Every structure is written in structure tokens, then in C-alpha cells.
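First comes the structure, then the notes that go with it.
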Amino acid sequence: MGTENEALNKLLSNLPGAYSRHKIVKDKNRKAVDSVILDVNPSFEKLTGFSSKELKGKTMTEIYPSIKNDPYDWFGTFSLASMMGKRIRFEQLFTATQQWLDVTVFSDKPGYFEMIWLDITERVEEHASLSKIVEFSEGFLQSFDRPLNRQQITDIFRNMTGAKIAAYHVYDDAGERFKTVALSGNKEIIKKASTLGLNVSGRQWDHDPVRMNKIKSKTITRFATVKDLSGSVLSRPVVILAEKLFSLGEAVVIKIIKDHMILGDFTLIMPKGVPFKDYAIAEVYTRQLGLAMIQKKTEQQLKTERERLANILDGTRVGTWEWNVQSGSTLFYEGWEEITGYQLNNGSPQNLDTWISLIHPDDLDKRKQALARVFSREDTYYNAEYRMMHKENRWIWVQSRGKVTSWKPDGKPLRMCGTHMDITARKEAELALQASESKHRRLFETMAQGVLHQSADGRIISANPAAEKILGYSFKQLSRKTSLDSDWEAIKEDGSAFPGHEHPPMVALRTGKQVGPLVMGVVHPVSNKYIWLLLTAIPLFESGETTPNQVYTTFTDITEKRISELKLIAEKEKAEAATRAKTQFLANMSHELRTPMNGFMGMIQLLEMTEMTEEQQEYVRYAMHASESLLQVVNDILEFTKLDADKIHLETELVNLEKMAGEIFRIFKAAISQKKINLQLTVDPLLPQTVIGDAFRVRQVLINLLGNAVKFTEEGSVTLRISQKGKIGPDKICILFEVEDTGIGIPPDQTDKIFDRFYMGDDSDSRKYGGTGLGLSISKALVELMNGKMWVESTPGIGSTFYFECIFERDPETLQHTKN
Ligand code: ADP
């Protein structure tokens, strides 16, 4: 027996299960209520945490007082086994230690029993979790198509974890602010909590860095109490009060994470004394939920995208198509009628051939080539623009774009889809623009004027060939320059420096106004000489802008013109200087001549008074006549030099024109005594008796004209007519003088020349009539000095009429007289 006992003891001490031997204790009703521990093995000591010394002789209720309140009737089972001598095996939660036990009870003697405990807590919990997960996943999968029921999700989660309260939080995109979207728990508690100020249902929470930091590191974070979790957001005293009132235990936050993004969390509050254990299920649950949330979000996004696409297609009047390249079947969708004018379903082209038949024959090749490039994978995208015949019999432009969406294993395209768009308006504008652009470009390239196009900072953007040629720089060289470059070496017309910021384009950019045309000299890089340009700068504005963003400068090379101009000016100045010198010489000489002439004539007059023979007298008369002529010449020249030097000043005095005419006539009467000429004077009755002007000069002109008339007329008449031509303003009057003769007349080709200086008709005439050829030009100059003009009408052999008109001031005294 001893060895047998020894062997048993050895077995028991090495048994992994916890072994114990008990004697049943009954109450007075003979009901088993306790047991005395008689023996235990080391595993039992380990499982219970008591030593065999402490255990032996003690009752179970002494060791585990709560066993009395355990819902499971442990002693009932023990006594049943001991009475019936039957082995009983069961699994049961031992509430005193919160352990799940695999219990085997057996007895060899009534009133006594032995048992073996195996701790199966882990296994049972795992199993429970697993079954919960399976159950939940099934539910989840079923509800996947429906919108997420947040309340339901939260209720399920609370039930699974045994939490008192569960809150479901959804975070914003930044993962910072969150909202309580569902709250699950005893309604009474939630209501009471909200009256305390803990109303969290539907609440939007501000970013709480304290809370965030606390839950940062783990997916599941446990806090011994609610107040440990709550950061600064909730009032601490209220939280503590609530914990007491509702006997709240630990708080657990389980984050819902997908792709490292925090989408939300469940915050659980466990009942006091109940630890959170469902790690596995919480993780699976939240992972599933994360997936579902993303999926719903993606679905929502897809839906919005799809609606957006439909709107875009509709709004842009884009038609879509799908083409099975191999079978040739084609599908055209909405937008197609808008483009072609044909209805999709009544006799309209619905297959590719009909579509192609509408394409302009000239554009078919282009389309084919674009397709070929896509099929050979040279291009990823198909893009072709072609003309099509609209139902209304006009050409429209269509842009077709697409992509091969699937390929056959042999590399041939299988399916293509894409869009059609009516681009007629754009295309027409484009073509018009192209045409005008190429027109302008041609002009730009071929024009003789240089054109520079500069940006706002003065940089040269483009230059035409003429500009390159004139400036001596290639466009490449010009494109590196700006107007502000110091190497331009520009000068103004007067030779002073022309700084860059004053160049016409820069001024145009600053002021927004056209500048020029103005002259600028710039050194040509090849000849190293100044070339002269006439520049105009025109600022360009972007539509709606008031400051120019670009400037065009056009310029012509005026170097040659300027050089010849300068030469001309120089020559003119030289000529003028020479003329001035000559005139001065003439004036001096005439003046010097007059003194001896006077002496000369005085002597002849004295000689006339001496006694002479007839012949001598005749000679003296000739000498006197010649002297007079010479004096006239000298006087004319002197007069002329005065006119030339602007040395004649007009007098303003009262003039009686009629009286003056009478006096002049008296002088001429003597002169014409030898000729058969009738002298006539006609005065306009409207002519005022007196006017204000330079009597001496008017007289000089009249004498000259009448002198010529008499000189060139042998017989007939010489008439002087004076008439009022008109009033100019209230105090001026224009008077016309006409000197008409019946003389030799002037050939038409000479009527202009006779007013030139030193001009005298034919040489033969001049010899016959004498004169200097200065009379008319002096008269004309005098008339012009008096704001008038002179002209002649003449017929050779019939006679001439010289006209001149002058402006006089009216004599206020005679105003009345004129009226009457
Ligand atoms: P001159 O001193 O020679 O008369 P003028 O300047 O007075 O110089 O006249 C220029 C020329 O105009 C004359 O030489 C003459 O040929 C012509 N001429 C001027 N007046 C008359 C006229 N009344 N009839 C014809 N020829 C005239």
C-alpha cells in the first residue's frame, strides 16, 4: 500500500491539474454548504495562490468567501459526486477568481470528494471572442451594401465588450476634431449624465491634444478611470461625480484606423470592476469598420464623381463613344445629337460607317493616321480634329479623343472609348486668327521698316529682318539686349546723349502713350558710324489693363536722307551768306555811286545853262538822260537791298488815293506828250476818300506800273482803276488797283518771270525799252509787305493789265462819308 500511496503522491505532485481532497460540510438541513480541504498538490497551491499549509484544515468558504454567492451551486455538485460515487466533469466560471475551470469531481467515500481543476480561462475566452467575431462579421457582411447604421454598430460593439457606455466618434480629414455620431448605453444613465452636463450625444469636440497624446501610441488604450482619459474638455468634478453615481469603471479607447489614417474611435466605459478583455474582437471589429467606412466614403466619392462627369458631359456638350475595334460595333452616347443634328434613334448613323460617311473626305486620312499611331502604341491618346456634315448641311468641326481601354493578347487593340466634341466655334476663330497672323507675319517679315517688339522690362522679344539689317545685329544678338543697355551709344538729333530710359519704347511703357516719331542716332556695329532712325513706339496693353505690358517700335533708316538734308542746309546757309555779302556789297556800292552821280548830274545841269551849239546841247541832253537812268538803277538796287535786309518799315498815315492818282497822272502827261496815248483814271464811287496806309510805297508801286505801261505802249490808252474790293473786319479794307494798257503785251511763258529780279523781256526789247528788270520785283515785294498780292493778265499785241490789291486801315473820320 505504502508504495502505492507513494506512487500516487508522486503522481499528484507532478500533475499539471490542481488536485484537492475535501470533506463535505452540511448544514442542519443536511444540505452541503462547504468543504474542509484535506489535501492539495503543488498545482493547486499555484492556481489558488495559497500554500498547502494555509489550505489544509480550512474550509473553502474561508478561503473563497464569495463562493457562497456564486450563481453556480458548487457544493451541490460536490455532494452529488460524493453520494453517487460518480465522476462528474464540467466547465464553469469560478466567479471568486474570475477563472474558467475544467472541473473533474470524483469520490471513493460518501462525505468525501476529490477534484482536479484545469484553468481554461484563456481557451474559453478565446473561443467566446471567436464566436463573437464570427457572429459580428456575418452581420457586418450582410449590412455592407446598406448605409452604415452607426447606432446599431455601437450597440453591437457595447454588447460584445460588455461596456456600460460606448461612444462612436468619427474624425475629420485631418484626424483631429471629432464628432460623437452614436452613443450606446442605459438610457437612464445617459439622460442623467446629460443633466449633469455630460451631454456628449451628437457633440462636436474640439481638438484635444491631451486626449490625442494619450491614445497616440496604441490602437487600444486603457485608462483606469474615466477622468484619466478625459483631457481638459470635460469638467473634472462632474466626471468624478458621474463615476461614483453610475459606478463607472475603466475607460477604453479603440481607434479605427485605415492606411495609417485615424478615421474614428470607440470610447468604452466599463462597469466598475469589470476589466476590458476583448482585445481581439475590438481589433477585428474596428478594422472591419475602418474598411467599411473607407468603402462607403469611396462609394460616395464615386457617386459624386459619376454625377459630376454626367454634368460635365452634359454641360460641355460632349458626346461619348465606345468602339469594339475588332468587331466594329460602336456605341454612341448622349451629346451626339447636339453635335450632328441627327437623332440617335431615327435613321441616324449608329454605326461607325455612317459616322465616317459624314466626315469630310479630305480629313479622313488625318483621322486614320491618328488611329494608327494609337494602335501601334506610338501615342497613348487618340486625338483627331475633322470636319463633319451637319444635318443642316453645313460643315462643323469635331474633335474626337480617346484611348484604347483593352488589348488582345496578340497586341491588337480590342476596345476603345472616348469623346466627341463640337469645336466649330473654336476652330473657326483659330483659323481666322491663323490667317490674320500669317498675314501680319508676312508683313512683319517683308516690310522695309524695322520693327522691335519689347517686353515690359525693355527686353527685345522679336525683331523683323528689316530691324536686324538696319541695326546691324542678328535677332539672336538683339534678344539679349534691352533698351537700357549702355552699349547702344545713342544720341539725339542735336548730338547730345540719348540715355536708355529716354528711348521711345521705354517712355511708351512708362506713360502708356505713343511716342514719336522722333529722330535718334545710334552707332552701327559694323561701320562704327552713326545711323539715323526715325522711331515711333506704340505701347500694347493686355485687355482691361491700363499699364502696358509690351511695346512695338517701328523705325526707318533716315541716315541718307539726313545726310543730304544736312548738306542742303549747309549749302543753303553758305548761299545765303554769299547773297548777304553780295547784297551788302551792292548796297554799299549803290550808296557810294549816288554821291558822284549827283555831282555828275549837277555839273551837266550847270553845263546845260552855258552857251552851246545845237549839237553840243543834243549831247548834253543825252548825257543827262543817261545819268537819270543810271541814278534810277542805283536807286532801284538800293531799294532792293533794303527790302532784302528787311529794312523797309511801313508808315501809317492818311492817304487820299484819288488825289495821289491825279498827281501821278500829271507827271506822266509830260512823259507821253510824244505818244498817242490816252491816260484814264477810274475811281470806284464807294471808295473812301481817305484810308490809312503807306502813301509813299503805294505811290512807288503805281509809278512803276504806270511807267511800264507807258513805256511798253505806243498808242491807245493806259487806264488806272481803283476800287474797293471788300471790307475785312470792322476796320480794314481791301483795295484793288488795275493798270491796263494797250501795249505790246507779254508772252504767256513770261508772265511769271517778269516778277523775278533782274528779269527783262527779250534782249531785243530791253535794249529798245531800257530798264533794270528790278521794278516789278520791287513792286511785288512792297505790295506783299502791305499784306497784298500782285499779278498780271496779258495778251501779246493787245495789251496787259497789272493788278495789285492792298489792305488799308479805314479812316474812322470817313466812315460816315462812305455810307452816304
Ligand atoms: P524794267 O525796268 O525792265 O521795266 P520791270 O521789272 O519793271 O523792269 O519789268 C520787267 C519786264 O516785264 C520788262 O522788261 C518787260 O519785258 C515786261 N513788262 C513790264 N511791264 C510791261 C507792260 N506793261 N507791257 C509789256 N511788258 C511789260
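Summary of computed values
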{"read-out": "Among (1) in a helix (DSSP H, G or I); (2) within 21 Å of residue 700 (Cβ to Cβ); (3) not hydrophobic (A, V, I, L, M, F, W, C), the one test that residue 596 misses", "value": "(2)"}
{"read-out": "The lone exception for residue 481 - which of (1) crowded, with 17+ Cβ neighbours inside 10 Å; (2) within 30 Å of residue 403 (Cβ to Cβ); (3) among the charged types (D, E, K, R) it fails", "value": "(2)"}
{"read-out": "Residue list for the range 782-799, restricted to those being more than 11 Å from the ligand (Cβ to nearest atom) and within 20 Å of residue 758 (Cα to Cα)", "value": "782, 783, 784, 785, 789, 790, 791"}
{"read-out": "Test: residue in the range 268-284 that is at pLDDT below 85 and under 50 Å from the mean Cα position of the chain (by Cα)", "value": "no"}
{"read-out": "Selection from the range 382-400 of residues that are of a type in the set (Lys, Arg) and modelled with pLDDT of 90 or more", "value": "387"}
{"read-out": "Subset tally (residues that are part of a helix (DSSP H, G or I) and either on the phi > 0 side of the Ramachandran plot or in contact with a Phe, Trp or Tyr (Cβ under 6 Å, 6 or more places away or on another chain) (or both)) for the range 469-489", "value": "0"}
{"read-out": "Among residues of the range 490-509, those that are part of a loop (DSSP other than H, G, I, E, B) and loosely packed, with under 15 Cβ neighbours inside 10 Å, counted", "value": "6"}
{"read-out": "Unique match (being among the basic types (Lys, Arg), within 20 Å of residue 529 (Cα to Cα) and more than 30 Å from the chain's Cα centre (by Cα)) among 469, 408, 403", "value": "469"}
{"read-out": "Total residues in the range 733-748, condition within 10 Å of the ligand (Cβ to nearest atom) and either of a type in the set (D, E, K, R) or more than 20 Å from residue 715 (Cβ to Cβ) (or both)", "value": "3"}
{"read-out": "Residue that is surrounded by the fewest Cβ atoms within 10 Å (Cβ to Cβ), among those in the range 750-774 that are at pLDDT 80 or above and either more than 8 Å from the ligand (Cβ to nearest atom) or more than 21 Å from residue 626 (Cβ to Cβ) (or both)", "value": "752"}
{"read-out": "Qualifying residue in the range 510-520 (condition: polar (S, T, N, Q) and surrounded by 14 or more Cβ atoms within 10 Å (Cβ to Cβ))", "value": "yes"}
{"read-out": "Yes/no for residue 27 being at pLDDT 90 or above, of a type in the set (D, E, K, R) and crowded, with 16+ Cβ neighbours inside 10 Å", "value": "no"}
{"read-out": "Subset tally (residues that are touching a residue at least 12 places away in the same chain (Cβ under 8 Å) and farther than 17 Å from residue 449 by Cα) for the range 528-540", "value": "3"}
{"read-out": "Selected residue (criterion: farthest from the chain's Cα centre (by Cα)) from residues of the range 642-676 that are of a type in the set (A, V, I, L, M, F, W, C), over 18 Å from residue 738 (Cα atoms) and modelled with pLDDT under 90", "value": "670"}
{"read-out": "Flag for residue 716 being surrounded by fewer than 20 Cβ atoms within 10 Å (Cβ to Cβ), closer than 19 Å to residue 672 by Cβ and either within 60 Å of the chain's Cα centre (by Cα) or within 12 Å of the ligand (Cβ to nearest atom) (or both)", "value": "yes"}
{"read-out": "Residue 652, sole failed condition from (1) more than 24 Å from residue 794 (Cβ to Cβ); (2) surrounded by 14 or more Cβ atoms within 10 Å (Cβ to Cβ); (3) in contact with an Asp or Glu (Cβ under 9 Å, 6 or more places away or on another chain)", "value": "(2)"}
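The values are calculated or read from the model by the stated rules, or taken from the named source; none is laboratory data. Fair warning: this is a prediction, and the values are worked out from it, not measured in the lab. Positions of Cβ are generated from backbone atoms using ideal geometry, with glycine treated the same way; all protein chains shown enter the neighbour counts.
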